[in-house]
Amino acid sequence: MKKSVLISFLLGTLVAISSQAVASQVLKGYWHYREFLSAHSTQEMLTKKLSETVRETPVALSIPQKKVLTISVVFPGQQVSDYWVRNIKAFEMRLNELGIRYKLNQVFTRPDENARQQSLSLMEALKNNSDYLIFTLNSARHRKFVEHVLQASTTKLILQNITTPIKAWDERQPFMYVGFDHELGTERLVDYYRHKEPAGSRYSVLYFTEGYVSAARGDTFIEEMQSQGRYQLASSYYTKGTEESGYKATLNMVKKAPDIKFIYACSTDVALGAVKALKELHRQDILLNGWGGGSAELDALSKGDLDVTVMRMNDDTGVAMAEAIKWDLEGKVVPTVYSGDFDVVTKDDSQDRIQRLEKRAFRYSDQ
């Protein structure tokens, strides 16, 4: 398929496809992170080796680079969460340390941005003949775009914020899936709430936007809480992934179920919206988590506005992408999937512990 035809086709397709999938069905057809590595022993070995490389000091590219790489990035970076912005800074700094010559084209969008605007950004990346395109996968329209690029483009796709390969793509997977596994992080928060609240307690869930992230974080949490103590789900609300939508949803859920003991929030922005609502309602007795452990969440923890978060060692994924590109240039096999490390942080943790975690998590992006 010619590139001009591909672009026209994708533009129409991305706009037409509905993202209103039932969240509980979203994860069907994905390999779970541990499941994928267990089923692919070679991949498990490669992923382990990349994880070790990410933690080590950089070693420069070992071969002459034939040309300057064109790398395009389309990220939902317009959020309070600083994950995406920090990620790209760490990525660039590691590329520089590795001695890789590149040109970076980046576009930051909103999580709830309309399909046409987002698709225009993606089409521009293809027209630029990018060597690598860093994107995410959170909806049906994202998936359709990826499928057609895999079939009709030489651009190598790095899918950020997803670590569960799609089974239907096993014959031709993207160059790499990279992120912090949503299910593994959610399990850490399940453990926290199970130890803080007795079995049978009622709670509510603040989802992100409808799609993959909400399914992996929200549905996983609900299933685990049901199976490990029969906790009672009082309500769940999809949001627009913004503070304001989290605020409004929290006002509604507390009004309808004032006896809830905790609120499980699926992202930073909606959690901070919930903070505002709970203060307004004078209901700081309701436990509330963050998800990701970026600067805004750590600040909220220090003030006692959040009770807990699962903290990503944020810069790991930026470093992993840079190292994967280096391996690719050197002709080495790159793992299909990589997940960075987590730690749980609570409002009761010492400042010393939090500072140690920050130093590790933001080792590039704080410079």
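The values are calculated or read from the model by the stated rules, or taken from the named source; none is laboratory data. Bear in mind that the values here come from a model prediction, so they are computed numbers and not experimental data. In this analysis, Cβ positions are derived from the backbone assuming ideal geometry, glycine residues included, and neighbour counts consider all displayed protein chains. Heads up: the accessible areas ignore ligands, DNA and RNA and are worked out on the full protein's heavy atoms, side chains in. Shrake-Rupley method; radii C 1.70, N 1.55, O 1.52, S 1.80 Å.
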For the pair Lys303 and Ala257, how long in nm is the line joining their label points, each one 7 Å along Cα→Cβ?
-> 2.7 nm
Mean accessible surface per residue for the chain, computed with a 1.4 Å probe while every protein chain stays in place, in Å² = 42 Å²
Relative to the first principal axis of the alpha-carbon coordinates of the chain, what is the inclination of helix 140-152, with its axis defined by its Cα atoms, in degrees from 0 to 90 and to the nearest 10?
-> 10 degrees
Given the pairs Lys255/Lys276; Lys49/Lys127; Lys48/Lys127; Lys89/Lys240, which span a C-alpha to C-alpha distance of over 24 angstrom in this model?
-> Lys49/Lys127; Lys48/Lys127; Lys89/Lys240
Taking only Cα atoms, what is the 0 to 90° angle, nearest 10, from helix 83-97's long axis to the longest principal axis of the chain?
-> 30 degrees
Model label zone, Gln65; criterion: amide N under 12 Å from point 7 Å along Cα-to-beta-carbon; scope segment 81-102 | 92-102
Starting from the alpha-carbon convex hull of segment 152-217, give the projected area averaged over all orientations, in nm².
-> 6.2 nm²
Could you work out how far apart the two model spin labels at Trp169 and Glu330 are, taking each label as a point 7 Å from the Cα in the direction of the beta carbon, and quote it in nm?
-> 2.5 nm
Once both axes come from the Cα atoms, what is the angle between helix 243-256 and the longest principal axis of the chain, in degrees from 0 to 90, rounded to 10?
-> 30 degrees
Would you mind checking segment 317-339 for residues with the amide N under 16 Å from a putative spin-label position 7 Å along Cα→C-beta of Lys48?
-> 335-339
Mean shadow area of segment 183-291 over all directions, Cα convex hull, nm² | 5.6 nm²
Treat each spin label as a single point 7 Å out from the Cα along the C-beta direction, and report the Leu281 to Ala199 distance in nm.
-> 2.7 nm
Carbon plus sulfur fraction of accessible area for the chain, probe 1.4 Å, in percent = 49 percent
Inter-part gap, Cα centre of segment 273-302 to Cα centre of segment 352-367, in whole angstrom, is 21 Å
Using the per-residue mean of other Cβ atoms lying within 10 Å as a proxy for protection, in what order, highest first, do the peptides 184-196, 349-361, 266-278 fall?
-> 266-278, 184-196, 349-361
Sparse-neighbourhood loop sites, trypsin sites (Lys or Arg not before Pro) in segment 291-330 - DSSP loop, at most 13 other Cβ within 10 angstrom = Lys303
Computed over the chain: relative contact order in percent, which uses C-alpha pairs under 8 Å that are six or more apart = 21 percent
What aspartates and glutamates sit close enough to Lys156 to cross-link, taking a C-alpha to C-alpha distance under 13 Å and skipping anything fewer than 8 places away on the same chain?
-> Asp131, Glu147, Asp328
Using modelled backbone amide H atoms (1.01 Å from N, in-plane), which distant-in-sequence or interchain residues come within less than 5 Å of Gln173's amide H?
-> none
